[in-house]
Amino acid sequence: MNIKNRPAMIIILTLFVLACISIFFTSESSIVIDGDEVGGVLGFGLGMGGAIVGILATVFALALAGMVLAGVSAFVGLTLALVFFAVVVAMSPLLLPFLLIMGLVMLLTRKKTA
């Protein structure tokens with residue numbers, strides 16, 4: 001037996017054992033398909049199939065919602081960065097006198113190198 005296939009085989013065997021045991025512990029519930037009642041192992045299998053399809057649909061819906069939220073958050077983040085950059089550019093003329101004074105101070109206090 002290949003080690004990589006062992007978990008898959010254990011899961012499949014577990015589901016098979018649960019299907020076999022369900023005959024003894026479940027009441028006579030049946031699934032109605034086109035007016036015909038289906039029960040027993042086939043009914044359990046159909047019920048499990050429906051549950052698996054429901055779980056997969058839920059997982060895919062949550063994944064899609066997560067991708068949509070990630071895209072929206074990226075768009076909002078980029079929009080906020082653009083707004084911040086626009087504010088900085090708009091405020092830059094007010095900083096010019098401070099930058100000139102700081103440039104003069106740095107020019108006058110730099111060390112002479114040979």
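The values are calculated or read from the model by the stated rules, or taken from the named source; none is laboratory data. None of these values were measured; they are calculated from a predicted model. A quick note on method: Cβ atoms are made from the backbone with ideal geometry, for glycine too, and the neighbour counts reach across all protein chains shown. Calculation scope for accessible area: heavy atoms of the full protein, side chains included, ligands and nucleic acids excluded. Shrake-Rupley method; radii C 1.70, N 1.55, O 1.52, S 1.80 Å.
The calculated pair-distance distribution of region 26-79 uses every alpha carbon pair, bins of 10 angstrom beginning at 0, and gives 22, 28, 18, 15, 12, 6 percent. Based on alpha-carbon atoms, the Kirkwood radius and the radius of gyration of region 62-114 give Rg/Rh equal to 1.44. Selection among L69, V17, N5 by position relative to the dipole of the chain gives L69 as farthest towards the positive end (Cβ unit charges, Cα centre). From helices alone, the chain scores -29500 deg cm²/dmol at 222 nm; the rule is -39500 (n - 2.57) for each run of n ≥ 4 DSSP H residues, then divide by the residue total. For the chain, the solvent-accessible area works out to 89 Å² per residue, with a probe of 1.4 Å and every protein chain left in place.
Site pair F75 and I101 shows an inter-label distance of 4.5 nm when each label is modelled 7 Å from Cα along Cα→Cβ.
Here the chain exposes an accessible surface that is 79 percent carbon and sulfur, computed with a 1.4 Å probe and the other protein chains kept in place. Computed from the Kirkwood radius of its Cα pairs, the Stokes-Einstein diffusion coefficient for the chain at 20 °C and 1.002 mPa s stands at 98 µm²/s.
Using heavy atoms of the protein chains and a probe of 1.4 Å, the accessible area assigned to S73 is about 70 Å².
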